[in-house]
1. Only residues that are part of a helix (DSSP H, G or I), crowded, with 19+ Cβ neighbours inside 10 Å and in contact with a helix residue (DSSP H, G or I) (Cβ under 9 Å, 6 or more places away or on another chain): list them for segment 137-164, please.
2. For Ser276, all conditions in the list (1) hydroxyl-bearing (Ser, Thr, Tyr); (2) part of a loop (DSSP other than H, G, I, E, B); (3) modelled with pLDDT under 55 hold save one; what is the number of the exception?
3. One residue is enough: does segment 124-131 have a residue meeting the conditions touching a Phe, Trp or Tyr at 6+ places or on another chain (Cβ under 6 Å), aromatic (Phe, Trp, Tyr), under 19 Å from Phe246 (Cα atoms) and in the same structural domain as Ala208 (by TED's automatic domain parsing)?
4. Return the residues of segment 112-140 that are more than 13 Å from Val71 (Cα to Cα) and over 18 Å from the mean Cα position of the chain (by Cα); say none if nothing qualifies.
5. Considering only segment 211-242, state which residues are farther than 17 Å from Asn161 by Cα and among the basic types (Lys, Arg).
6. For segment 109-136, how many residues are of a type in the set (A, V, I, L, M), in a helix (DSSP H, G or I) and in contact with a helix residue (DSSP H, G or I) (Cβ under 7 Å, 6 or more places away or on another chain)?
7. Scan segment 160-179 and tell me whether some residue there is closer than 24 Å to Trp249 by Cα, of a type in the set (Val, Ile, Thr) and out of contact with any Gly (no Cβ under 6 Å at 6 or more places or on another chain).
8. Which numbered condition trips up Asp9, out of (1) of a type outside the set (Lys, Arg); (2) in a helix (DSSP H, G or I); (3) at pLDDT 95 or above?
Amino acid sequence: MTESDTSTDYFSSYGDLSVHELMLKDRPRTEAYKTFIEKNAFLFRNKIVLDVGAGTGILSLFAVRAGAKRVFAVEASSVADGCEKIIKLNKFDDRITVIKGLIEEVELPEPKVDIIISEWMGFYLLHESMLDSVIFAREKWLEKDGIILPSRATIYISPVNMQEYYKEHFEFWKDVYGFDFTPLLLSSLQSALQKPAITAIKPNQCVATHKVLANFDLSKVSLEEVQYLTNKLSFDVDKAGSMHGFAVWFDVEFDANNNTHLDSNRPYKCIDNSCSQLSPISCDNHTEQLCESVHKIILSTSPECAETHWKQTVCFLPASLLVEKGDKLCCKMELSQDEGNKRHYNISIEMLESIDDESDEEDDDYEDEEDLGEDPDTTQHPIPCTCGAARCRLISAIMEKYDEEQNQLEMEAEFVDVSAEVNAAQILDNDSVNLESSEDVQDIAKTN
């Protein structure tokens, strides 16, 4: 499939109204944008706004209601036609201009915009790579002191226990209406573990405190920084049990205090006079904070918050790992934009003995051999190893799983061989009986 075909399929999917219905009904998502725009209406008053990937136009409508002078709603999918009708029906067509096309290919009636707003986030933040388009728009049209919303993004990761998920999706095969379907269990398991699962997890499934995988300042981040990212992380296990993989989620922050056009020495005030009476409050998905006059909003997809349509993304290990409280889990995680389909990312997780592990040959050239002999974390471990390190236990678990699979395959092969021998013997017996019957008939004929 070519890149053009991939883009066509991607935008065709957004022509499906059920996709937009899902997003509009995602209250934590939509309320985050609505709340920030309404409580910071002074930022939008008389400003020119660019809505990248406008969809049905809800963010554009929020912006003009807050006082934006003009909004350019750019949408590449067929829903742009519906967006235009919605805007006209709500009598904002004099201030909102719908432009149908790719942001990389369209031209705006204005050379620059004051604010870029977009709901570009995908699963694990980066799926769909729409951030690439937002960065393009920022570089081409955003004023030097302009605002981009959301303004920051953070990806989190935590090791998780997925026992309930395993029971629901895999143990089903053990009893299918009273029949044993376990021959399909292995295939089902292998297929599922090859790709991340989009599922809602509970906070108690995390076996360690989450860590930050990556953090982006969206006013500065480059394409290269979002197309490939990697980090080494260490987790202190605080809950004994099974660890099946890592859960990934994200937060995005709406703020404007980093922009130079806001004079920090001069207090700005929201047009809603009651805002000055607000104290910091917290709710399921939004952390709202009174920063001078700018109300900061954080939209979180954490398992500790109300569920969103993004849920969490779980990347499974090839085999589960038993962990004890106090264990240290170390891993290296990489996200790289797929060359064949830039809407997708390849996710790689490597278990490490410590976050100081280096596998690159050029780094090995600079290591001190005497130090290596003293440090058990950097010593070459035998395979399998019984030292108890998380990485070695995972390797042992994978090897055991491989042995079990091989034994199962060998047993199936032996069964096939035995069945073939039995079938061959039955054929020979039948042939012998048929031959004897034929000879008997011939003898009778001769006698007569």
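The values are calculated or read from the model by the stated rules, or taken from the named source; none is laboratory data. What you are looking at is a predicted structure, and each value in this text was computed from that prediction instead of being measured. FYI the Cβ positions are ideal-geometry reconstructions off the backbone, even for glycines, and counts take in every protein chain you see.
1. If the condition is that a residue be part of a helix (DSSP H, G or I), crowded, with 19+ Cβ neighbours inside 10 Å and in contact with a helix residue (DSSP H, G or I) (Cβ under 9 Å, 6 or more places away or on another chain), then no residue fits.
2. For Ser276, the exception is condition (2).
3. Looking for residues that are touching a Phe, Trp or Tyr at 6+ places or on another chain (Cβ under 6 Å), aromatic (Phe, Trp, Tyr), under 19 Å from Phe246 (Cα atoms) and in the same structural domain as Ala208 (by TED's automatic domain parsing), one finds none in segment 124-131, hence no.
4. If the condition is that a residue be more than 13 Å from Val71 (Cα to Cα) and over 18 Å from the mean Cα position of the chain (by Cα), then Ser133, Val134, Ile135, Phe136, Ala137, Arg138, Glu139, Lys140 are the ones that fit.
5. Lys220, Lys232 - these are the residues of segment 211-242 that are farther than 17 Å from Asn161 by Cα and among the basic types (Lys, Arg).
6. Residues meeting the conditions: 2.
7. Yes, some residue in segment 160-179 is closer than 24 Å to Trp249 by Cα, of a type in the set (Val, Ile, Thr) and out of contact with any Gly (no Cβ under 6 Å at 6 or more places or on another chain).
8. Of everything listed in (1) of a type outside the set (Lys, Arg); (2) in a helix (DSSP H, G or I); (3) at pLDDT 95 or above, Asp9 misses just condition (3).
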